[in-house]
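Comments concern the structure below.
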Amino acid sequence: MTNTQDIIKKGTTTVGIVCKDGIVLAADKRVTLGGSLVSNKNVEKVIKITDDIAITTAGMVSDIQLITKLIKAELKLKNIRTSKKATVKEAANLLATIVYQNIRKFSPILGVTGFLLGGGDHTGFYLYEIGPDGSTLINDDFATEGSGMVMALGVLDTLYKKDMTIAEGIKLVVKAINAAMQRDTATGEGIDVITITKDGVKKVLTKRVSYTVEE
């Protein structure tokens, strides 16, 4: 008999860091089935949801796709109805509510997801971690999600510094994802990096690799 928990196990590594001039988000590009079989080698796990907000994704692909569509639509509707952009805090709380409702719906397959949300508004730049249970945590330094997070945390704990520049932050997230790719079988194929600054959301790196990422 197939164990449902084996089916839903997913792996990835996503990273977000707070810099003095913005936020840097990054993730690998591999998708696996049960953490053992590579099913796709070129998946975008860092996604722009508004001009000033982006998310990283981890977990069940179908749930991630649905939740991403919902959060994009809800933020667009808010903008149309109020003629105002959602703040980063409002976007994080809305995403957390959607995730909370998703995991508590009746279903034979548990919809486990994990998101990092970074963005900027008139009050500053912020990084939130949205847990699989819909919990919301704000981070003033860095956060990481996925099966490779332990390896990434080792790099972040060692090398992160307050008031890093965006350029320094890009180098750090590459090192963190690269460390995860060396040891976590569910992390690999490449890396995508997005920055969020006063100029908005911008993809600054997309690199396909086999095992390592060169700076």
* To do: Calculate for the chain the 222 nm mean residue ellipticity that helices alone would give, adding -39,500 (n - 2.57) per DSSP H run of length 4 or more and normalising by residue count, nearest 500 deg cm²/dmol.
  => -11000 deg cm²/dmol
* How large is the convex hull of the Cα atoms of region 141-191 per residue, expressed in Å³ as a whole number? -> 68 Å³
* Asked: How far apart, in nm, are two points set 7 Å out from the Cα along the Cα-to-Cβ line at residue 90 and at residue 161?
  -> 3.7 nm
* Structure fact -> Violations at 21 Å Cα threshold for listed pairs 29/175; 161/203; 171/203 -> 161/203
* To do: Filter the DSSP H helices in the chain by two things, a Kyte-Doolittle mean of at least -0.5 and an axial alpha-carbon span of 27 angstrom or more, and list the hits by number.
  => 61-82
* To do: Quote the charge dipole size of region 119-179 about the Cα centre in Debye, to the nearest 20; the model charges only the Cβ of Lys and Arg (+1) and of Asp and Glu (-1).
  => 300 debye
* To do: Quick one: divide the alpha-carbon radius of gyration of region 114-198 by 2.2 N^0.38 Å and tell me what you get.
  => 1.11
* Where chymotrypsin sites (Phe, Trp or Tyr not before Pro) in DSSP loops with at most 15 other Cβ within 10 Å are excluded, longest remaining stretch of the chain -> 1-105
* Please state the charge dipole magnitude for the chain, taken about the Cα centre, from unit charges on C-beta atoms (+1 on K and R, -1 on D and E), reported in debye and rounded to the nearest 20. => 580 debye
* Asked: Say we join alpha carbon atoms closer than 10 Å with springs in a Gaussian network model of the chain; which of 162, 198, 76 then has the biggest fluctuation?
  -> 162
* **Cβ-based exposure ranking for 45, 203, in which fewest neighbours within 10 Å come first** => 203, 45
* **Highest-fluctuation residue, 87, 57, 123 considered, GNM on the chain with Cα pairs under 10 Å** => 123
* From the Cα gyration tensor of region 47-89, with a ≥ b ≥ c the square roots of its eigenvalues, which class applies: rounded if a/c is under 1.5, or else prolate if a/b is larger than b/c, or else oblate? -> prolate
* Structure fact -> Hydrodynamic radius by Kirkwood for region 72-215, inverse mean 1/r across distinct Cα pairs, in Å, is 16.9 Å
* **Mean separation of Cα contacts under 8 Å, 6 or more apart, over the residue count of the chain: relative contact order %** => 30 percent
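Taken together, the values in this text are just the output of simple stated rules run on the coordinates, not laboratory data. No experiment lies behind these values; they were computed from the predicted model shown. A quick note on method: Cβ atoms are made from the backbone with ideal geometry, for glycine too, and the neighbour counts reach across all protein chains shown.
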